[in-house]
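A short worksheet on the structure shown next.
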Amino acid sequence: MIDADLSQLATVAHWCRIPKGHIFLAEGDPAQNFFNLNRGNAKLFKNLPDGRRQIVGFVAAGDFIGLAANNRYSFTAEALTDVRLCRFDRAELRALFMEFPILERRLLEAASRELVVAQAQMLLLGRKSAMERLATFLLNGTTSQGSRRNHTVVTLPMPRSDVADYLGLTIETVSRTLTTLKQRHVIEISCDYHISITDRLTLTNLAAGLS
């Protein structure tokens, strides 16, 4: 969950298990807590006034959620798989910060990383083509990775509709672009939603708009 520098957080941690498909943080609710995923994957999304949904991120084990929140949460978090997480009450942390100032510095670093990810998402949606967006998504390793036949394997716990919402594309465009990458022998797609990156250099060039 946390490294040695943050081990004191365990004294105020509340462990929770969230079943797949359940919401554990709701947009607009008072930001009284923040969370750290210990196991599983979740998606973060915003509901637009016209009823549409924009996925703003995916998180996995080790990630913090809600550190950069103000008085209210700006997004909703839903478990993509069964999730185990730690919930931290912001009020309980104030006394702990007085005793361990390094905790506050480390959590601020984590909050800053949240903002960097948000800025990268703005660039992804605002300036990149469909191919560039999907190539960037695969390279970023937003989900767990491993290796298979010396290839990088990206596991996608989310459906293609979620990938489409995250990248600001239609499901048809995501499917068509994946098929193009497969036909160009850049990736291989298995029936268990694993994607093997077989030509990382080409995928990197595609993400940068160089191919």
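I'm trying to understand the selection: among the residues of the range 35-52, which are part of a loop (DSSP other than H, G, I, E, B) and among the small types (Gly, Ala, Ser)? First the steps, then the outcome.
Initially, the range 35-52 is screened for residues part of a loop (DSSP other than H, G, I, E, B), giving 40, 48-52.
Gly40, Gly51 - these are the residues of the range 35-52 that are part of a loop (DSSP other than H, G, I, E, B) and among the small types (Gly, Ala, Ser).
The residues of the range 178-192 that are surrounded by fewer than 20 Cβ atoms within 10 Å (Cβ to Cβ) and assigned to a helix (DSSP H, G or I), listed by number, are Leu178, Thr179, Thr180, Lys182, Gln183. Find the residue count for the range 59-77, including only residues that are in a loop (DSSP other than H, G, I, E, B) and either modelled with pLDDT of 85 or more or buried (at least 20 other Cβ atoms within 10 Å of the Cβ) (or both). Selection size over the range 59-77: 9.
Considering Arg87, Arg53, which residue is under 15 Å from Ile18 (Cα atoms) and touching a strand residue (DSSP E or B) at 6+ places or on another chain (Cβ under 9 Å)? Please lay out each step first, then the result.
Numbers: Arg53 fails: under 15 Å from Ile18 (Cα atoms).
Among Arg87, Arg53, only Arg87 is under 15 Å from Ile18 (Cα atoms) and touching a strand residue (DSSP E or B) at 6+ places or on another chain (Cβ under 9 Å).
Would you mind stating whether Glu172 is surrounded by 18 or more Cβ atoms within 10 Å (Cβ to Cβ), more than 16 Å from the chain's Cα centre (by Cα) and modelled with pLDDT of 90 or more?
Numbers: surrounded by 18 or more Cβ atoms within 10 Å (Cβ to Cβ): no; more than 16 Å from the chain's Cα centre (by Cα): yes; modelled with pLDDT of 90 or more: yes.
No; evaluated as a whole, the condition is false for this residue.
No other residue among Arg127, Arg106, Arg133, Arg149 is in contact with a Leu (Cβ under 6 Å, 6 or more places away or on another chain), over 25 Å from Ala26 (Cβ atoms) and either among the polar types (S, T, N, Q) or at pLDDT below 75 (or both) apart from Arg106.
Within the range 1-30, the set of residues being at pLDDT below 90 and in a loop (DSSP other than H, G, I, E, B) comprises Met1, Ile2, Asp3. Residue selection: Leu44 satisfies the criterion of being surrounded by 14 or more Cβ atoms within 10 Å (Cβ to Cβ) and of a type in the set (A, V, I, L, M, F, W, C).
Among the residues of the range 84-91, is there at least one that is modelled with pLDDT of 85 or more, surrounded by fewer than 15 Cβ atoms within 10 Å (Cβ to Cβ) and of a type in the set (A, V, I, L, M, F, W, C)? No, there is no match, as no residue in the range 84-91 is modelled with pLDDT of 85 or more, surrounded by fewer than 15 Cβ atoms within 10 Å (Cβ to Cβ) and of a type in the set (A, V, I, L, M, F, W, C).
Going residue by residue through the range 19-40, is there one that turns out to be aliphatic (A, V, I, L, M), surrounded by 13 or more Cβ atoms within 10 Å (Cβ to Cβ), out of contact with any Ser or Thr (no Cβ under 7 Å at 6 or more places or on another chain) and more than 25 Å from Leu103 (Cα to Cα)? No - not one qualifying residue is present in the range 19-40.
The values are calculated or read from the model by the stated rules, or taken from the named source; none is laboratory data. Please read these numbers as outputs of a predicted model, since none were measured by experiment. Neighbour counts run over all protein chains shown; Cβ positions are idealised from the backbone, glycine included.
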